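> Encoded as structure tokens, here's the structure I'll be asking about.
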Amino acid sequence: MIWMSILGYDDKLLLAANGLTGHSAALDHLYVILATWPVYLIPVILLYIWVFFPVFRLNAIRAFGSGLIAWVGFNTVIGWIWYRPRPALKMVGVHELLLHQPDKSFPSDHAAFGMAIAATFILSGQKRLGWFLVFWTLLFSIARVIVAVHYPLDILGGYVVGILTALLINYFGKQVNQYIGQPIILLLRKFRLA
């Protein structure tokens, strides 16, 4: 009974957020941009760190690995265990601005990817960058609820997966550096990419 009321509240929050759409074509366009493009800044930041801050390359490798494990690993398994359709497939009255493939909604891959990378940087001591990425992930995650690609609980689930993945990567940080990070750097040095 509690779970049903939580899901009902999740539906109400989604409809309230989605109610911000449909009033202005310019705002709707902005919501779509915020829901799709900001996640691509994260790999650009990682590449920037790789090129201009070689001392932080191991942190960048751990962060990227953490994001991939959260997104492609844990989120995929969770989606198999508990499939939740996207809001536009399930709910009546949703103003769909962004056409998305009809795959699982929970947990949010974007939220898990962004939060895993942000938390990994925070745990690695690069707190300013990490907190900037937390803010950045919040920005595009909220936009994904507004355009009805995700429910709010999908986003929260993605955050939890991302943070737990970062904690796991941090716990095994020395092994990750020794057996994954350093070999990647050595390999890329042979191709003059590191």
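The values are calculated or read from the model by the stated rules, or taken from the named source; none is laboratory data. Fair warning: this is a prediction, and the values are worked out from it, not measured in the lab. Because the Cβ atoms are built from the backbone with ideal geometry, glycine has one as well, and the counts that use them run over all protein chains shown.
> Which of the residues that make up region 12-31 are crowded, with 17+ Cβ neighbours inside 10 Å and assigned to a helix (DSSP H, G or I)? Give the derivation first.
In the first step, residues of region 12-31 are kept if they are crowded, with 17+ Cβ neighbours inside 10 Å; the result is 14, 17-18, 21, 28, 31.
Answer for region 12-31, where residues must be crowded, with 17+ Cβ neighbours inside 10 Å and assigned to a helix (DSSP H, G or I): L14, A17, N18, D28, Y31.
> Mind telling me which of the residues W3, W37, W50 ends up being closer than 30 Å to H95 by Cα and either modelled with pLDDT of 90 or more or of a type in the set (S, T, Y) (or both)? Let's see the steps before the verdict.
Values: W3 fails: either modelled with pLDDT of 90 or more or of a type in the set (S, T, Y) (or both); W50 fails: closer than 30 Å to H95 by Cα.
Only one candidate qualifies: W37.
> For region 168-186, what are the residues that are among the β-branched types (V, I, T), buried (at least 19 other Cβ atoms within 10 Å of the Cβ) and at pLDDT below 95? Step through it out loud before you land on a result.
Just the residues of region 168-186 that are among the β-branched types (V, I, T), to begin with: 169, 176, 180, 184-185.
Still in the running and buried (at least 19 other Cβ atoms within 10 Å of the Cβ): 169, 176.
Correct list: V176 only.
> Here's another thing I want to ask about it. Answer yes or no: is there a residue in region 42-63 that is free of Cβ contacts under 8 Å to residues at least 40 places away in the same chain, under 16 Å from G157 (Cβ atoms) and assigned to a loop (DSSP other than H, G, I, E, B).
no
> Something else: Can you tell which of T165, T120 is out of contact with any Lys or Arg (no Cβ under 6 Å at 6 or more places or on another chain), of a type in the set (S, T, Y), crowded, with 17+ Cβ neighbours inside 10 Å and at pLDDT 95 or above? Quick ask: steps written out before the conclusion?
Numbers: T120 fails: out of contact with any Lys or Arg (no Cβ under 6 Å at 6 or more places or on another chain).
Going through T165, T120 in turn, the sole match is T165.
> Let me ask another. Among the residues of region 8-30, write down those that are over 14 Å from V145 (Cα atoms) and touching a helix residue (DSSP H, G or I) at 6+ places or on another chain (Cβ under 8 Å).
Result: G22, single match.
Here's the yes/no breakdown for (1) surrounded by fewer than 21 Cβ atoms within 10 Å (Cβ to Cβ); (2) within 15 Å of the chain's Cα centre (by Cα); (3) of a type in the set (A, V, I, L, M):
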position	(1), (2), (3)
V51	yes, no, yes
N59	no, no, no
Y83	yes, no, no
S108	no, yes, no
G125	yes, no, no
L133	no, yes, yes
R144	no, yes, no
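> Another one. Cβ-Cβ under 7 Å, sequence separation 6+ or interchain: first residue in region 5-31 and closer than 15 Å to I155 by Cβ, partner part of a helix (DSSP H, G or I) and not aliphatic (A, V, I, L, M). Which pairs?
D10/P152; L13/P152; L14/P87; L14/P152
> Counting only residues that are within 18 Å of I78 (Cβ to Cβ) and not hydroxyl-bearing (S, T, Y), which one in region 146-156 is surrounded by the most Cβ atoms within 10 Å (Cβ to Cβ)? Give the derivation first.
Going residue by residue through region 146-156, those that are within 18 Å of I78 (Cβ to Cβ) are 149-156.
Then keep just the ones that are not hydroxyl-bearing (S, T, Y); that gives 149-150, 152-156.
Working: V149: 24, H150: 31, P152: 19, L153: 21, D154: 27, I155: 25, L156: 17.
Of everything passing the filter in region 146-156, H150 is surrounded by the most Cβ atoms within 10 Å (Cβ to Cβ).
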